[in-house]
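To start, the structure under review is shown below, and the notes come after it.
The values are calculated or read from the model by the stated rules, or taken from the named source; none is laboratory data. Everything quoted here is computed from the prediction, not taken from an experiment. Cβ placement follows ideal geometry from the backbone for every residue including glycine, while neighbour counts extend to all protein chains displayed. All accessible areas refer to the heavy atoms of the entire protein, side chains included, with ligands and DNA or RNA removed. Shrake-Rupley method; radii C 1.70, N 1.55, O 1.52, S 1.80 Å.
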Amino acid sequence: MSMGNKHTLTISSHYDHIRQVCEFIATGAQQAGLDEDAIFQVELACDEACTNIIEHAYGEEGIGDIKATWEANPQSFTITLHDNGRSFNPDAVKDPTFIKPDTTPNPDDLQVGGLGIHFMRNLMDEVHYQFDEKQGNSLIMVKYIE
Amino acid sequence: MNNQKQIWQEQYPHNIWLVGVRGRLDQSLTPQLNETLTNLLANGRYRLMLDFNGVTYINSGGLRCLIIAWRKAKTENGDVVLFGLDNRILEVFTMIGFDKIFRIVNTSLEAQAALA
């Protein structure tokens, strides 16, 4: 593979299409030399991020695109997910309360998208968010290559 | 995917029911699991053991489906016990504290004992 090149896939924002992004990213992660565990982790982080884009940035299915890009260098594997939905800053979302020890979990807490963000923060080494009035939302997630 | 069923159910003694899952528990498979669990619970089957030996992936939607079934079973003095999770799947559970919520064991025999 050629290091530093960007690889891009754009899907329409349907839940059924998220799998395509997962496979695209997993293939890239494999080429970049991530081990099986790390590939599983970047795949799950992408899955949750795409779900959040549909649920929160677009608010429903099928009203915009999600552009997924990956690039790799010997030190890291970087994923960028771009959408044109509402500004959605994951940093503003608190971890769901049920994750605290000894707290009785309430399934209602699972509806808020906090679970996905919790996964993204825990599975990836870096998570950044950018919003631009014209360009929309960009979520950048980095996995270090050991 | 092959022709094998990805979700199946089997009855055991003491009104214990096994639900087997094979494949990726994501947007494509979770609705089937949800339907199976909802039907069992609606028919008074509150002692459920889930065979995760064939599960290669799970996301937050899959976890949400499990916790909803768990809560329903618990309110009826039942339980949802999981067995056969591989290390990657177990790590996902641990990351959000679900390993403390669900009883997770290694084999179907241990799951039966936990539910009997």
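Checking an interface number: how much accessible area is buried between B and A, summed over both chains, with a 1.4 Å probe, in Å² rounded to 100? Approximately 2300 Å², summed over both chains. Counting Cβ atoms of other protein chains within 10 Å of each Cβ in B:91-99 and taking the mean gives 5.
Estimated from the Cβ-Cβ distance and a Förster radius of 41 angstrom, the FRET efficiency linking residue B:75 and residue A:36 is about 0.60.
Rounded to whole Å, the principal axis extents of the Cα atoms in region A:19-82 read 36, 19, 16, largest first. Peptides B:48-60, B:91-103, A:122-134 ordered by packing proxy, namely the average of other Cβ atoms within 10 Å per residue, highest first: B:48-60, B:91-103, A:122-134. Across peptide B:16-26, the average count of Cβ atoms from other chains found within 10 Å of a residue's Cβ is 1. Normalised by the number of residues in chain B, the mean separation of alpha-carbon contacts (under 8 Å, six or more apart) gives a relative contact order of 25 percent. Amide H to amide H distances under 5 Å link residue B:79 with B:47, B:48, where only residues 5 or more positions off or on other chains count and H is placed in the peptide plane. For the cross-link pairs A:143/B:72; B:5/B:100; A:67/A:143, the ones whose C-alpha atoms lie over 28 Å apart are A:143/B:72; B:5/B:100.
With N counted as the residues of the protein assembly as shown, its alpha-carbon radius of gyration over 2.2 N^0.38 Å works out to 1.05.
Against the compact-protein benchmark of 2.2 N^0.38 Å, the Cα-based radius of gyration of region B:7-115 scales to 0.95. For residue A:134, the aspartates and glutamates whose Cα comes closer than 15 Å to its Cα, not counting residues fewer than 8 places off in the same chain, are A:65, A:83. Secondary structure note: in region B:7-115, about 25% of the DSSP beta bridges are antiparallel.
Taken residue by residue and averaged, Cβ atoms of other chains lying within 10 Å of the Cβ of B:49-57 number 1.
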